[in-house]
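The values are calculated or read from the model by the stated rules, or taken from the named source; none is laboratory data. Every value quoted in this text rests on a predicted model; they were computed, and no experiment measured them. Here the Cβ positions follow ideal geometry from the backbone for every residue, glycine too, while neighbour counts run over all protein chains shown. Just so you know, the surface numbers come from the protein's heavy atoms only, side chains and all, with ligands and any DNA or RNA stripped out. Shrake-Rupley method; radii C 1.70, N 1.55, O 1.52, S 1.80 Å.
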Amino acid sequence: MSHDDLAPADLTLRRWRSLDRATARRVARQAADRVSGRVSAFETTEHLGAPLHRVRIERDGQEFALIPGGPVSLGFDPDAWRPTPEQAADYARSVAAGFGYAADLRAHLAEVLSPRRRVVLDTVLMAVTDEDLTEPPADMPAVLAARGLRMPTSDEWEHACGAGADTLFHWGDTCPLDRVPYTDPSGPQSSPNAFGLRIAYDTYRMELTSDTGAVHGGDGGESVCGGYGALLGWLPLATANRNPSTAEFLHDPEGEDLFEDCSTRPVLPL
């Protein structure tokens, strides 16, 4: 397929990165036309050592980022990750405090992060910012469908957050260990990610997807309020963290009224 024949739905992340700016702009305009929107921002940044086009499309007053799909790698491999001595020491202090975590940091990561895997995803438009739930999670698909939108899948959320990176966080493998996100509003989580999304930016936010077994981007502040330690205070923002214990509580009868503290990140299909 030539660049002239390329349609937005045919994009893969690899193909998107190979396009020159003029072709990428044309594809972005086609995507905007397809959803009756307009390109509100276009720039080319550097990500993972190569150029990456960043596109925002505005429709009905809401901004969406273009998220190219195709075959992508998701998840995190704790065995291939090497924590810094400072990260290991901080986690050891959390273990010593008696919170019941696994003695080995990699074992804990294996419990809370999704495993490394390959999936194939559609190219979509995804809301730049998450929006609060207005109805219980079970009712949100109908609410969004009335606007031509849907909830993302967990795989789509994770891909949109990591943008092809295999690091612990969307900004890298490390985080400040002298503070937690709540007390560091200008930290690395505050910057848009590679696709231009404001995502995994506040541990008090709990983003829901169509997967009831996952909560993304935060844990409702549990790690901060619990005083679990700096690394564990940042970990809810990890790209592959699905916060399984938080998800289980939210879908338990005792936690079903907490949906007003949750959000979702609408997807606009192409």
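Just a few scattered comments:
- Folded to 0 to 90 degrees: helix 85-96 orientation relative to the chain principal axis, Cα: 50
- Descending semi-axes in Å of the stretch 1-132, equivalent ellipsoid built from Cα gyration tensor: 39, 17, 14
- Dipole size of the chain about its Cα centre, with +1 on Lys/Arg Cβ and -1 on Asp/Glu Cβ: approximately 1320 debye, rounded to the nearest 20.
- FRET efficiency, Gln30 to Arg93 (Cβ-Cβ, R0 51 Å, nearest 0.05): 0.45
- Share of Cα-Cα pairs in the stretch 151-217 lying beyond 19 Å, as whole percent: 32
- Under 10 Å, Cβ to Cβ, from Leu109 - net charge with Lys/Arg +1 and Asp/Glu -1: -3
- Calculated [222 nm] ellipticity per residue, helices only, for the chain: -7000 deg cm²/dmol; basis is -39500 (n - 2.57) per DSSP H run with n ≥ 4, divided by all residues, nearest 500.
- Distance between the pseudo-spin-label points of Glu248 and Ser191 (7 Å out from Cα toward the beta carbon): 3.6 nm.
- Whole-number accessible area per residue in Å² for the stretch 110-238, which is evaluated in the context of all protein chains at 1.4 Å: 38
- Taking a point 7 Å from the Cα of Ala7 along the Cα-to-Cβ direction, the residues of the stretch 44-80 with backbone N closer than 16 Å to it are 69-70.
- For the stretch 114-183, with all protein chains in place and a probe radius of 1.4 Å, 53% of the accessible heavy-atom surface sits on carbon or sulfur.
- In this simple spin-label model, placing a label point 7 Å from the Cα along the Cα-to-Cβ direction at both Asp79 and Ser40 gives a separation of 4.5 nm.
- Beta bridges by DSSP in the stretch 122-270, antiparallel share as percent, to the nearest 5: 75
- Label of the coordinate-derived value, Rg and Dmax of the Cα atoms in Å, listed as (1) 18.7, 60; (2) 17.3, 52; (3) 18.2, 65: (1)
- Relative compactness, the stretch 42-83, computed as alpha-carbon Rg over 2.2 N^0.38 Å: 1.67
- For the stretch 124-189, a Kirkwood hydrodynamic radius built from all Cα pairs, placed in the Stokes-Einstein relation at 4 °C and 1.567 mPa s, yields a translational diffusion coefficient of 89 µm²/s.
- Net charge, Pro188 excluded, C-beta distance under 15 Å - Lys, Arg +1, Asp, Glu -1: -2
- Kirkwood Rh (inverse of mean 1/r, distinct Cα pairs), the stretch 208-270, angstrom: 12.5
- Ordered from longest to shortest, the equivalent ellipsoid semi-axes for the stretch 113-270 are 23, 19, 14 Å, each the square root of 5 times a Cα gyration tensor eigenvalue.
- Of the residues Pro71, Ala92, Val112, the one whose Cα sits farthest toward the positive end of the charge dipole of the stretch 27-129, with +1 on the Cβ of Lys and Arg and -1 on the Cβ of Asp and Glu, is Pro71.
- Site pair Glu86 and Arg21 shows an inter-label distance of 3.6 nm when each label is modelled 7 Å from Cα along Cα→Cβ.
- Ratio of Rg to Rh over the stretch 1-77 (Cα coordinates, Kirkwood Rh, two decimals): 0.98
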